[in-house]
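Report on one structure; see the data block that follows.
Derivation of every value follows stated rules applied to the coordinates shown; laboratory data play no part. These numbers were taken from a predicted model, which means no experiment stands behind them. FYI the Cβ positions are ideal-geometry reconstructions off the backbone, even for glycines, and counts take in every protein chain you see.
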DNA sequence: AAACAAAATGTAAACGTTTACATTAGGAGT
DNA sequence: ACTCCTAATGTAAACGTTTACATTTTGTTT
C-alpha cells in the first residue's frame, strides 16, 4: 500500500506542512523533527508524488527534445549529451522526432502548450516562417540547435560549420591544390550553407577563383556523393581535390572513385565533414572535420536549465558556436597524418 | 493569460463538471451544451492541464524507455519505432540510457517508483540477479527487449537470433563450405549466445563437426572482428567461411582481410548479422541477416499499451520473437544475389 | 515574572482536473 | 394536471503536494 504525505505526517505526529518542509529543506524545521520525519519516510519508502509536485510547483523537471529525424549516430550523440546532463541535474528527457505522421511545428506546439515540459531543445536545420513565428511566441524557454534563425531573439547553439569548412579547405590549398571542387549539402540547410560559405571564403582568401563548374549539389546522402563525384570527374575540367560537405557523401565519393578506378588521393584528394564513425573505415582514412555533437547537446541543456531557473534572462538572445577540429587522414594527401590508424 | 476549466465553465454558464464531461465525452451532456462548451474552449485555446489530469487519473500517458547505451542506428531505430507508435496513441516517450554515471537498475527504480511513466520498455541484453528481482517486483507494466530472462513471468520481444544465425549458417553450408569459423559476440550477451546456438545447430544438423579452433570470441566491435580474423587465419587449419556474429565485426574482418591481401569471398567467405547501414558499403556487399528493429520497438510499445489499458493481463508472461531475413550480398560467394547493389 | 523576537509548527487554501452522488429539468404516460 | 423515470447538470470532495499566513513554542533580555 502506497503511503502519502498525510500518512507520514500522522506517523511522525506532525503536520503535512512540516513533512513537506523537512523533505524539501525549505523553511525552518527543528533538526530533531527533521531527522524523525526523514527516518519515517525512509522506512516507508515514501517519495513525494512528482505529479502532485508538478501541479503545485508548475514544473515537471522534464526537457522536451525535438529532432528532425532519428537516423544515425549524430542523433544518438545529441541525445546522449542531453541525457547525461539531464541526469546530473535531476531532469528527464522527453524525445520526439518528426516523421511521416508529424512535423516539427505540430510537435513544438504540443510541447509548448501542454505543460509536460519545462523547456524545449529544438533542432531545426531549416526554419520556415511558421516555425519562426512559433519560436517567437514561445512562452517556454527554448534552445535551438543548428539553426539559422534570422530572428536574433533566440538562443542557439551551433557547430561552427564555417570555420570547419574554411580550415579544411585551407588545408587542401596548403597541399597545393588549386582546382578544388565541392559537393554541397541540401539547399536551405543551415549547416550546408555555412560549409559552402567557409569553402568559398577560403578560396577567396587564397586568391583562388571559385569555378561554378566545380560546385555540384548533394543532399548529404552517400548516393548524392557518388553521383556528385561522377559529375565532377566527367567534366573536361576536373578537380584535383574535392570537399564533400559531409562524410556520408564522402563515402559515396570513395565508392564512385573505386568503381571508376580513380585513386584517392593520388588522382584526386577528398575531404569530408562530420567525422562520423564510418569515415575512419575508409581507405585511405578520410581527412575530415570533427564536430563535438555530444558537447552540443550538453551545452544546449545547460543553458536551457539556466533559463528555466531564471539564472539567465530567457528573453535575451544568445548564440554560441562550437568550434571544430581537423582530423587528418590520408585522403587529402598527407602521409604523416595525426589520426590514429584504424587498427594498430 | 491562461484560462482554466473554471473560467471556461463561467463563460459557458455551466459547472466545471459539465465542462469536464463535454471535453471527455464522458457522461451525459446535452449536445447543444456540449457544442457551446467546445466552442468556447476553442476560442480560448483551452486545453486541459495534463498534469492535473495525471494527478486525478493516475496516468501520465508517458512511456519510459531504458536503453543500455545510445550509440548507433540500432538505437535510433528502436526509438523511432517506439516514438511513431506513441504518437499514434497520444503517448509520450521519456528516454533514459545507461552511462558512466548511472546504470540500468537505478534508472529502472527511478521510473518504477516515480509515477512519471505508465509503463517501461527495458532493453537489457544481460539480466543479472538484482535486475531480475526488480523486474519481478515491478508494479508497473514492463516490456523487455532482447533479454534472456530465465524467469518466465515477463513480457518480452526479441529478435530471433537463433533462426537468423541458423539460416545464414545453412546458407554457407549450401555453398559447400565445411570449415566454417565463427567470431562470437560478448559472453553472457543474450543475442550473442543465441547466434552461437543457431550457428552450432546448423552445423550439427548438417553433420558438420564443430571445431573449437574455428570459434573465437569478440565483443561486437569492429576491432574484435579484425583481431578475430587474424587469429582464425593464423592457424594451421583455416576456415573457408566465417560467420561474424554482427556486422560491425564483419567490417573489422573486411579490414583485416584487406590488409592481409586475402580476398572475400574467393579465399574466405564472410557473413554477418544485423544488416547495419555500413554493411552495404562493403565490397563485396556483405551477406547478412536483416533484423527488424523498428518493428521491435513498435510491437513492444503496442503490447505495453495493451497492458496499461488492461486489454491484456500484465501478469501473464508473453514472449514474441521477430523473425529475421537473409540479405544476400557477394561475400558468401553468391554471384546472382538479391540485395540491391549500392549504386546502380 | 514579563516582554519581545525568532524559530517552529499548524491551518487552510491553492494548483486544475475528474467524478460520485445529489439535485434539477425534461419527457412520457395516465 | 399529476406521477414517474431518465437525462442533464451541479456540488463537493478527491488526487498529493506546496506554501502563505496564523498560531504556538522557545529563547533572550530586562
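Other chains near B:250-260: what is the mean number of their Cβ atoms within 10 Å of each residue's Cβ?
2
Can you list the distances in nanometres, one decimal and ascending, from the residue A:109 label point to the identical position in each other copy, with the point 7 Å along Cα to Cβ?
Inter-copy label distances (nm, one decimal, shortest first): 4.3.
For residue A:10, go 7 angstrom from Cα along the Cα-to-Cβ vector, then report the distances to that same point in the other copies in nm, smallest first.
Computed spacing set for this position: 3.7 nm.
Can you tell me, using C-alpha contacts under 8 Å and at least 6 residues apart, the relative contact order of chain A as a whole percent?
16 percent
Please compute the alpha carbon radius of gyration of segment B:116-195, then divide it by the globular-protein estimate 2.2 N^0.38 Å. Two decimals is fine.
1.41
What do you get for the angle between helix A:222-233 and the principal long axis of chain A? Use alpha-carbon atoms, 0 to 90 degrees, nearest ten.
Orientation of helix A:222-233: about 20 degrees from the principal axis.
Could you tell me the calculated FRET efficiency between residue A:235 and residue A:128, based on Cβ-Cβ distance and R0 = 41 angstrom, to the nearest 0.05?
0.75
Sketch the reach of a paramagnetic label on residue A:69 as a point 7 Å from Cα along Cα-to-Cβ, and name the residues of segment A:115-143 whose backbone nitrogen lies under 16 Å away.
A:123-127
What's the average, rounded to a whole number, of partner chain beta-carbon atoms within 10 Å of each residue's beta-carbon in B:113-125?
2
Evaluate the relative contact order of segment A:253-344 (contact order divided by residue number), counting alpha-carbon pairs under 8 angstrom at least 6 apart; express in whole percent.
Value for segment A:253-344: 33 percent.
Can you tell me the Rg and the Dmax, both Å, for the Cα atoms in chain A?
Just the Cα atoms of chain A yield Rg and Dmax of 26.0, 91 Å.
Would you mind ranking A:143, B:270, B:120 by Cβ crowding within 10 Å, fewest neighbours first?
Neighbour counts put them in this order, fewest first: B:120, A:143, B:270.
Counting only the backbone N, which residues of segment A:269-306 are under 15 Å from the spot 7 Å out from the Cα of residue A:89 toward its beta-carbon?
A:295-306
Return the single residue from A:114, A:236, A:260 with maximal mean-square fluctuation; model: Gaussian network over chain A, springs between Cα atoms under 10 Å.
Looking only at A:114, A:236, A:260, the largest GNM fluctuation is found for A:236.
What value, in deg cm²/dmol to 500, does the helix sum -39500 (n - 2.57) over DSSP H runs of n ≥ 4 give at 222 nm once divided by the residues of chain B?
The helix-only estimate for chain B comes to -13000 deg cm²/dmol at 222 nm.
Which ordering of A:84, B:320 is given by a fewest-first count of other beta-carbon atoms within 10 Å?
By the 10 Å Cβ count, ascending: B:320, A:84.
What relative contact order, as a whole-number percentage, does segment A:41-169 give when Cα pairs under 8 Å and 6 or more residues apart are counted?
22 percent
Taking the number of other C-beta atoms within 10 Å as the exposure measure, put A:134, A:316, B:70 in order starting with the fewest.
A:316, A:134, B:70
Among A:239, A:141, A:50, whose mean-square fluctuation peaks in a Gaussian network model of chain A (Cα, cutoff 10 Å)?
Among A:239, A:141, A:50, the largest mean-square fluctuation in the Gaussian network model of chain A belongs to A:50.
With angles folded into 0 to 90 degrees, how steeply does helix A:247-259 sit against the dominant principal axis of chain A? Use alpha carbons for both and round to 10.
The angle comes out near 30 degrees.
Hey, any idea what Rg/Rh is for the protein assembly as shown, computing Rh the Kirkwood way over Cα pairs?
1.02
Simple spin-label model, 7 Å along Cα-to-Cβ: residue B:313 to residue B:3 in nm?
For residue B:313 paired with residue B:3, the spin-label model returns 4.8 nm.
Which distances, shortest first and in nm, link residue B:30 to the matching position in the other copies, using label points set 7 Å out along Cα to C-beta?
From this label point to the equivalent ones elsewhere in the assembly: 6.0 nm.
Would you calculate the separation in nanometres between label points at residue B:38 and residue A:39, each defined as 7 Å from the Cα along the Cα-to-beta-carbon direction?
Inter-label distance under the simple model: 5.9 nm.
Please identify, among A:98, A:15, A:217, the residue showing maximal mean-square fluctuation in a Gaussian network model of chain A using a 10 angstrom Cα cutoff.
In this elastic network of chain A, the residue with the biggest mean-square fluctuation among A:98, A:15, A:217 is A:15.
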